[in-house]
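Each remark here refers to the structure printed beneath this line.
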């Protein structure tokens, strides 16, 4: 089973509020996006955004230049349906983040909650990092959230990587300046908790 088939199955067979990563509101993500100081017309991409409600809150906060990327068409369809006519103003991209071409130096903010930790091979991580450096503007902001060092070892039946802030800094390299890091204890719909680490970088 390919990863795309896996995620299409997940979002076609499960309610979006019954998966472990569900958040009614992506509060910490919104706080960090506001922290970047981006204007309402700044370009934001939510990588792996899928059915996440982050895009709803960004629209509600007045942001108008939004892209949501996910490999699952079913996940994107959920978000589009939920947003109704507001979805018409969003740029939706169905693609694998390690294989997609994005516009060069286009984004002011790159946001990723829980995609990077699924990249378990060096080749996939390098493809991801190359894309970030190509598509984020100089002095742009990169917000990455992964499972923390003592977080889960799997998610949705797939293996994941776990990181500390220093490990993420080492992975991303010298062009990324770490401006802020914060842990989050995420409560799942199953009354369990998962520890995440959020890192906010500036791309130099």
Might you check whether a residue that is more than 13 Å from the chain's Cα centre (by Cα), surrounded by fewer than 17 Cβ atoms within 10 Å (Cβ to Cβ), in contact (Cβ under 8 Å) with a residue 40 or more places away in the chain and closer than 24 Å to residue 132 by Cβ occurs anywhere in segment 29-39? yes
Within segment 171-190, can you find the residues that are outside any strand (DSSP E or B) and at pLDDT 95 or above? 171, 172, 173, 174, 175
Residues in segment 51-79 that are farther than 20 Å from residue 103 by Cα and assigned to a loop (DSSP other than H, G, I, E, B) total 6
Checking the conditions here, which among 101, 46 is buried (at least 16 other Cβ atoms within 10 Å of the Cβ) and modelled with pLDDT of 95 or more? 46
Before we move on, is residue 168 in a strand (DSSP E or B) and surrounded by 14 or more Cβ atoms within 10 Å (Cβ to Cβ)? no
Identify, please: which residue in segment 80-93 is touching a residue at least 12 places away in the same chain (Cβ under 8 Å) and part of a helix (DSSP H, G or I) and is, among those, farthest from residue 43 (Cα to Cα)? 82
Exactly one of 112, 96 is touching a strand residue (DSSP E or B) at 6+ places or on another chain (Cβ under 6 Å) and touching a residue at least 40 places away in the same chain (Cβ under 8 Å), and that one is 112
So, of the residues in segment 135-161 that are in a loop (DSSP other than H, G, I, E, B) and in contact with a helix residue (DSSP H, G or I) (Cβ under 7 Å, 6 or more places away or on another chain), which turns out to be nearest to residue 7 (Cα to Cα)? 156
Take the conditions modelled with pLDDT of 95 or more, buried (at least 21 other Cβ atoms within 10 Å of the Cβ), closer than 23 Å to residue 179 by Cα and in contact with a helix residue (DSSP H, G or I) (Cβ under 9 Å, 6 or more places away or on another chain) and apply them to residue 132. Does it pass? yes
Could you check, for segment 142-151, whether at least one of its residues is more than 19 Å from residue 199 (Cβ to Cβ) and out of contact with any strand residue (DSSP E or B) (no Cβ under 6 Å at 6 or more places or on another chain)? no
Kindly indicate whether residue 151 is crowded, with 17+ Cβ neighbours inside 10 Å and more than 16 Å from residue 47 (Cβ to Cβ). yes
Test of understanding: among 138, 89, which residue is surrounded by fewer than 16 Cβ atoms within 10 Å (Cβ to Cβ), at pLDDT 95 or above and farther than 21 Å from residue 30 by Cα? 138
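The values are calculated or read from the model by the stated rules, or taken from the named source; none is laboratory data. Given the structure is predicted, the values throughout are model-derived calculations rather than measurements. Note that each Cβ is placed from the backbone with ideal geometry, even for glycine, and that neighbours are counted across all protein chains shown.
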